[in-house]
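Asker: Before I ask anything, here is the structure I am working with.
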Amino acid sequence: MAGWWPRFVRPSTLRRQGILGMNARNASYIAEHNPRRHYPRVDNKRLTKQLATEAGLAVPGLIGVIHSHHQLRRLADTLQEQTEGFVIKPAHGAAGDGILVVTGWRGERMRKASGRMLDSNGLQDHISGILSGMYSLGGRPDAALIEERVQFSEVFTEVAHTGVPDIRTVVYRGYPVMAMLRLPTQESDGKANLHQGAVGTGIDLASGATLGGVQHNQPIRVHPDTEASLVDLAIPGWDKLMELAAGCRELSGLGYLGVDVVIDRHRGPLILELNARPGLAIQIANGQGLQPRLQAVDERVAKVSDEPPASRAAWAAAHFGCVPVGLGPVPHERHDD
Ligand SMILES: Nc1ncnc2c1ncn2[C@@H]1O[C@H](COP(=O)(O)OP(=O)(O)O)[C@@H](O)[C@H]1O
Ligand SMILES: [Mg+2]
């Protein structure tokens, strides 16, 4: 399959291939299917966690929530109990900004996913930044969540040595339509967001196998740090993951949704977070446009309404198994990544 991604493709070609652009996504899908009143369910990570837990869907464990500077004083001492590390994130963050992945301790200092060290002052400064709204949508004061660090399944050690990969699935009207595996790199410091320099790889929805990747919007076939192949990695528990993603429609009340799932070594798939404005680079990673799949779902819903999540996931697997075709970079966009 070498060379099946040309570097540049004219906009007219992209449209023929069914690429969804930013304007169409915003007007026809986000505005149409995502009622604004439900945004807090996905823009506030603490609320998402609570709703998922109430719905019986698994999430990474919450160690604590920091609301004020008073709580920072003895925090590093308390966190020493977390020998496997922890993750700090803004409750209202996006695109990996403000996320700190700590993988363990060396004495009183913390080791970050990239291998760099952090002392307790550095930790306090980082959380102060979160509290002051440095990373929150709209710059409003925010809370910092402390989560257990997810330990990824051992199958991907060669492509996931610096952090936890996540699986982004776009779910339209409750049907998974496209997915990508996102792999942290040295550059992305343990985070799987493409904006931070992570690698995205397309996924065959039928089998859960990866198709090949993209970094900084350019096609790649091997991991930039290890040169391990990005093709034909089999994601464990794929059917269960598709069902979990489909079920996020009910949970969020949103019809056009990006679901981020991580696979914990011990607990299996966990919902990390939900996005109301999922980015469009997933199309490049898959070498496929979203448009034909979104239309197929509209036709399905016109015929069959009220399918439960498991049937929606099975239908999607049967209809959106993909054969990659060539696509170039998509235009710049405003999204949650
Ligand atoms: N609990 C966790 N354990 C390990 N890695 C995590 C954890 N939470 C987040 N990450 C890493 O950071 C990335 C971004 O986290 P996420 O919660 O999706 O926030 P954002 O809204 O900024 O994308 C994830 O894709 C993952 O790679
Ligand atoms: Mg995310």
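Asker: Tell me which residues, restricted to the stretch 225-249, are of a type in the set (Gly, Ala, Ser), more than 11 Å from Ile203 (Cβ to Cβ) and not in a helix (DSSP H, G or I).
Answerer: Applying the first criterion (of a type in the set (Gly, Ala, Ser)) to the stretch 225-249 yields 228-229, 234, 237, 245-247.
Now narrow it down to the ones that are more than 11 Å from Ile203 (Cβ to Cβ): 228-229, 237, 245-247.
Result: Ala228, Ser229, Gly237.
Asker: For the stretch 84-91, check the following and say yes or no: at least one residue is away from ligand 2 (no atom under 16 Å from the Cβ), under 20 Å from the mean Cα position of the chain (by Cα), open to solvent by less than 70 Å² (accessible area, probe 1.4 Å) and not assigned by TED's automatic domain parsing to the domain that holds Val261. Show your work before the answer.
Answerer: Initial filter on the stretch 84-91 (away from ligand 2 (no atom under 16 Å from the Cβ)): 84-86.
Subsequent filtering for residues that are under 20 Å from the mean Cα position of the chain (by Cα) retains 86.
Add one more test, that the residue is open to solvent by less than 70 Å² (accessible area, probe 1.4 Å), and what stays is 86.
With the extra rule that they be not assigned by TED's automatic domain parsing to the domain that holds Val261, the set shrinks to 86.
Yes.
Asker: Another question about this same structure. As an exercise: evaluate Thr185 against (1) open to solvent by 40 Å² or more (accessible area, probe 1.4 Å); (2) modelled with pLDDT under 95; (3) assigned by TED's automatic domain parsing to the domain that holds Lys49 and give the number of the one condition it does not meet.
Answerer: Single failed check for Thr185: (1).
Asker: Continuing with this model, one more query. Being of a type in the set (Ser, Thr, Tyr) and more than 9 Å from ligand 1 (Cβ to nearest atom) is the filter here; which residues of the stretch 104-138 pass it? I'd like the intermediate steps shown before the answer.
Answerer: Restricting attention to the stretch 104-138, the residues satisfying the condition of being of a type in the set (Ser, Thr, Tyr) are 114, 120, 128, 132, 135-136.
Ser114, Ser120, Ser128, Ser132, Ser136 - these are the residues of the stretch 104-138 that are of a type in the set (Ser, Thr, Tyr) and more than 9 Å from ligand 1 (Cβ to nearest atom).
Asker: So, Pro35, is that one within 20 Å of the chain's Cα centre (by Cα) and either within 16 Å of ligand 1 (Cβ to nearest atom) or surrounded by fewer than 17 Cβ atoms within 10 Å (Cβ to Cβ) (or both) or not? Even if it seems obvious, please write down each step before you answer.
Answerer: Working: within 20 Å of the chain's Cα centre (by Cα): no; either within 16 Å of ligand 1 (Cβ to nearest atom) or surrounded by fewer than 17 Cβ atoms within 10 Å (Cβ to Cβ) (or both): yes.
Taking the combined requirement at face value, the residue does not satisfy it.
Asker: With the checklist (1) surrounded by fewer than 22 Cβ atoms within 10 Å (Cβ to Cβ); (2) assigned to a strand (DSSP E or B); (3) of a type in the set (Asp, Glu) in hand, flag the one item Glu273 doesn't pass.
Answerer: (1)
Asker: Could I ask something else about it? In the stretch 271-287, which residues are more than 13 Å from Gly202 (Cβ to Cβ), within 13 Å of ligand 2 (Cβ to nearest atom) and not acidic (Asp, Glu)? Quick ask: steps written out before the conclusion?
Answerer: First, the residues of the stretch 271-287 that are more than 13 Å from Gly202 (Cβ to Cβ): 271-280.
Remaining after also requiring within 13 Å of ligand 2 (Cβ to nearest atom): 271-279.
Ile271, Leu272, Leu274, Asn275, Ala276, Arg277, Pro278, Gly279 - these are the residues of the stretch 271-287 that are more than 13 Å from Gly202 (Cβ to Cβ), within 13 Å of ligand 2 (Cβ to nearest atom) and not acidic (Asp, Glu).
Asker: Which one of the conditions (1) more than 23 Å from His266 (Cβ to Cβ); (2) crowded, with 18+ Cβ neighbours inside 10 Å; (3) in the same structural domain as Val262 (by TED's automatic domain parsing) does Leu47 fail to meet, given that it meets all the rest?
Answerer: Condition not satisfied by Leu47: (2).
Asker: Does any residue in the stretch 111-140 that is part of a loop (DSSP other than H, G, I, E, B) come within less than 8 Å, Cβ to Cβ, of a residue that is loosely packed, with under 13 Cβ neighbours inside 10 Å and modelled with pLDDT under 95 six or more places away or on a different chain, and which pairs are these?
Answerer: Filtered contacts from the stretch 111-140: Asp119/Glu108; Gly133/Gly139; Gly133/Arg140.
Asker: Within the stretch 21-36, is there a residue that is β-branched (Val, Ile, Thr) and not in a loop (DSSP other than H, G, I, E, B)? Can you show your working first?
Answerer: In the first step, residues of the stretch 21-36 are kept if they are β-branched (Val, Ile, Thr); the result is 30.
Subset that is not in a loop (DSSP other than H, G, I, E, B): 30.
The answer is yes, given that some residue of the stretch 21-36 is β-branched (Val, Ile, Thr) and not in a loop (DSSP other than H, G, I, E, B).
Asker: Then there is this: Out of the stretch 144-178, which residues are modelled with pLDDT of 95 or more and away from ligand 1 (no atom under 14 Å from the Cβ)?
Answerer: Those that are modelled with pLDDT of 95 or more and away from ligand 1 (no atom under 14 Å from the Cβ): Val170, Val171, Tyr172, Arg173, Gly174, Tyr175, Pro176, Val177, Met178.
Asker: Right, here's the next one. Go through the stretch 63-83 and give me each residue that's of a type outside the set (Lys, Arg) and either within 10 Å of ligand 1 (Cβ to nearest atom) or open to solvent by 30 Å² or more (accessible area, probe 1.4 Å) (or both). Don't jump to the end; show me each part of the working.
Answerer: Quick first cut of the stretch 63-83, residues of a type outside the set (Lys, Arg) only: 63-72, 75-83.
Ile63, His67, Ser68, His69, His70, Gln71, Asp77, Thr78, Gln80, Glu81, Gln82, Thr83, listed by residue number.
Asker: Would you confirm whether or not the stretch 153-165 contains a residue that is open to solvent by less than 10 Å² (accessible area, probe 1.4 Å), within 16 Å of ligand 2 (Cβ to nearest atom) and assigned by TED's automatic domain parsing to the domain that holds Ser311?
Answerer: Checked the stretch 153-165: at least one residue is open to solvent by less than 10 Å² (accessible area, probe 1.4 Å), within 16 Å of ligand 2 (Cβ to nearest atom) and assigned by TED's automatic domain parsing to the domain that holds Ser311.
Asker: Another one. Quick one: in the stretch 249-269, of everything that is crowded, with 20+ Cβ neighbours inside 10 Å and under 24 Å from Thr157 (Cβ atoms), which residue is farthest from ligand 1 (Cβ to nearest atom)?
Answerer: Checking each candidate, the answer is Pro269.
The values are calculated or read from the model by the stated rules, or taken from the named source; none is laboratory data. These numbers come from a predicted model, not from an experiment. All Cβ positions, glycine included, derive from the backbone under ideal geometry; neighbour counts span all protein chains shown. Ligands, DNA and RNA are excluded from the accessible area calculation, which covers all protein heavy atoms including side chains. Shrake-Rupley method; radii C 1.70, N 1.55, O 1.52, S 1.80 Å.
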